[in-house]
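Data first, discussion second: the structure below is written as structure tokens.
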Amino acid sequence: PREFNWCVGVVLLVLTLLLSFTGYLLPDDQLGFWAVTVGTNMARATPMLGSEGPFGPQLGMTPFNDVRFGLLGGSIVDSNALLRSYIWHCIGIPLVASIFMAVHFWRIRKDGGISGPAPVMLETEMKAVKKK
């Protein structure tokens, strides 16, 4: 029954990475600009989502409808990208993350808490068990 909760935890990990990615551009400096440029260029090579990735051309992906264009709101890092990054970082991703955290904590409580370490036996208890 804990497998679903593990999957929810993986989704929370991905949301945390997205929060850090969207937060990179918010200071509006050179580090953020180039980090987002490199990150979105890597996203452009994502299979089935990017125009340069595997199966992208077969699925009709172009530089104007792939994941990079969707993340930036255009083809370059500019004010549209800053606005999208701000909205996703401050409103969108935290809302989704809070929903997944609520489900995660509810499942932990429903499953009976977190699993602890195995019980430890003292030497005297082990000797008593061996004698039986």
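The values are calculated or read from the model by the stated rules, or taken from the named source; none is laboratory data. All figures in this text were calculated on a predicted structure; none of them were measured in a lab. In this analysis, Cβ positions are derived from the backbone assuming ideal geometry, glycine residues included, and neighbour counts consider all displayed protein chains.
Below, the figures for the structure above:
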item: Subset of the range 61-83 (residues that are under 17 Å from Ala45 (Cα atoms), of a type in the set (D, E, K, R) and not in a helix (DSSP H, G or I)); result: Asp66
item: Qualifying residue in the range 24-45 (condition: among the β-branched types (Val, Ile, Thr), exposed (fewer than 13 other Cβ atoms within 10 Å of the Cβ), in contact (Cβ under 8 Å) with a residue 24 or more places away in the chain and assigned to a helix (DSSP H, G or I)); result: no
item: Considering residues of the range 102-116 that are in a helix (DSSP H, G or I) and β-branched (Val, Ile, Thr) only, the residue farthest from Leu12 (Cα to Cα); result: Ile108
item: Lone unmet requirement of (1) surrounded by 12 or more Cβ atoms within 10 Å (Cβ to Cβ); (2) farther than 27 Å from Met101 by Cα for Phe55; result: (1)
item: Identity of the residue in the range 88-132, among the aromatic types (Phe, Trp, Tyr) and either within 19 Å of the chain's Cα centre (by Cα) or over 25 Å from Thr16 (Cβ atoms) (or both), that ends up surrounded by the most Cβ atoms within 10 Å (Cβ to Cβ); result: Trp88
item: Selection status of Trp34, aromatic (Phe, Trp, Tyr), under 15 Å from the mean Cα position of the chain (by Cα) and modelled with pLDDT of 90 or more; result: no
item: Residue ID - farthest from Phe4 (Cα to Cα), chosen from residues in the range 117-132 that are of a type in the set (A, V, I, L, M, F, W, C) and outside any loop (DSSP other than H, G, I, E, B); result: Ala128
item: Every residue from the range 68-78 that is closer than 16 Å to Gln30 by Cβ and either polar (S, T, N, Q) or surrounded by 18 or more Cβ atoms within 10 Å (Cβ to Cβ) (or both); result: Val77
item: Single match in Val77, Val103 (criterion: modelled with pLDDT under 95, in contact with a helix residue (DSSP H, G or I) (Cβ under 6 Å, 6 or more places away or on another chain) and not charged (D, E, K, R)); result: Val77
